[in-house]
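Here's the structure we're looking at; comments come further down.
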């Protein structure tokens, strides 16, 4: 019986391999036929069936960057049955984000749609249409507006104080700690409170479970992307990532049903002092005069986007910022001196201080340039158009290598180096330091300077950039104000990047916090 079972497994694998091979041959034949009369951009030599997979490392953004240095900033890359146009400089990014913005307002689908239960309602992946425009408007004018972010300044401070208390305790006991884990907990709790007025550490049955679901989906996202190399066979979910993702999404859906019901019950009773994001969306959903009907499924999809996009990326950016400053003692000293001079020892850095802390702004800006939260951004062409002189057919996939664009040596001096001073004038020290006033620098954080696009650009630029910037500036400022950080077991931190959409640090950020200013004694 065991021998028969092994033979059956072998036959099944052989059949699967033959189907995969035939599928790839047919797909590549169709691609070549459809592109026969099209003038194509440069492309490295490819192998049959696998295309360029043999020259792509685990970190595709770095592989694309190296290839672009040889084949140019606009390439055609084949990964198995998947074909992508890869953009690696700001001039061509401008054609995508501005000139042809409407043509590249769609996102490509990863994996089979049958495994994505929010495919038609999830803001980050749905096609550009009236519903997407409606959801973008809600994000920008309601739940992620500057006014709403300001309203929850006290919540951001409370979560920041909790992590400061933890670091203070470690300092008093002389213990090292994993800074990254604490920052991840902080951003998770912050997003949970902004969305539904609860913390992951106080509501295990809801928020903590959602956090684990979000982590699982992020891990599976890479496998769903990898599944694109199978072309037409991707619908069979050969890696199993689609089925696992669907199971997590169904679990998330059930949890969200309970959370929505609680908020609806609270709204009927009334008396809630402050509306969180869920309250705002439920009001819009019940508004008969709204431009479009916001369904409960639409609310769930939008919330999943907020969890996926608002926790991992922000905490990862904070880790990179701290790591870069610790690896550059002169930058650390300048930052501490600026904070000591502007804020002083009797209160903590506040949102209102940020405009008066140009070096802190420069540190955050340089961190996002060198370590963009999403190194690769994917778009799909809605209609035939021309980019960099090449015709891009409808439904083609385009990849913007934000990592390479932000490190373009033709645009940046010492492009791979962490140099906050590049954004400053009179940067010799002292009170004369200020942010450069050239128009391209003033617009850089808004995505108008296309050699600096940490949050993407165009219609599909990150709607949470304002919240991320608020959290990054104040948290990094307070962490540097209150503590000196001693690296455990080394003089410098290992800056190796990991795989995944957010490209986090491979090695944990383990440090000893040493108190400079006791945050509990000066909390304002």
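Here are the numbers for this structure:
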{"read-out": "Normalised alpha carbon radius of gyration of the range 267-319 [divisor 2.2 N^0.38 Å]", "value": "1.45"}
{"read-out": "Listed peptides 388-398, 470-480 by packing density, highest first (mean Cβ within 10 Å)", "value": "470-480, 388-398"}
{"read-out": "Cα-based convex hull, the range 65-115, per residue volume (Å³, whole number)", "value": "104 Å³"}
{"read-out": "Directionally averaged projected area (convex hull, Cα atoms, the range 53-515), nm²", "value": "22.9 nm²"}
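Every read-out reported here was derived from the displayed coordinates using simple, explicitly stated rules and does not represent laboratory data. Because the structure is a prediction, the values reported are computed rather than measured. All Cβ positions, even for glycine, are placed from backbone atoms using ideal geometry, and neighbour counts span all protein chains on display.
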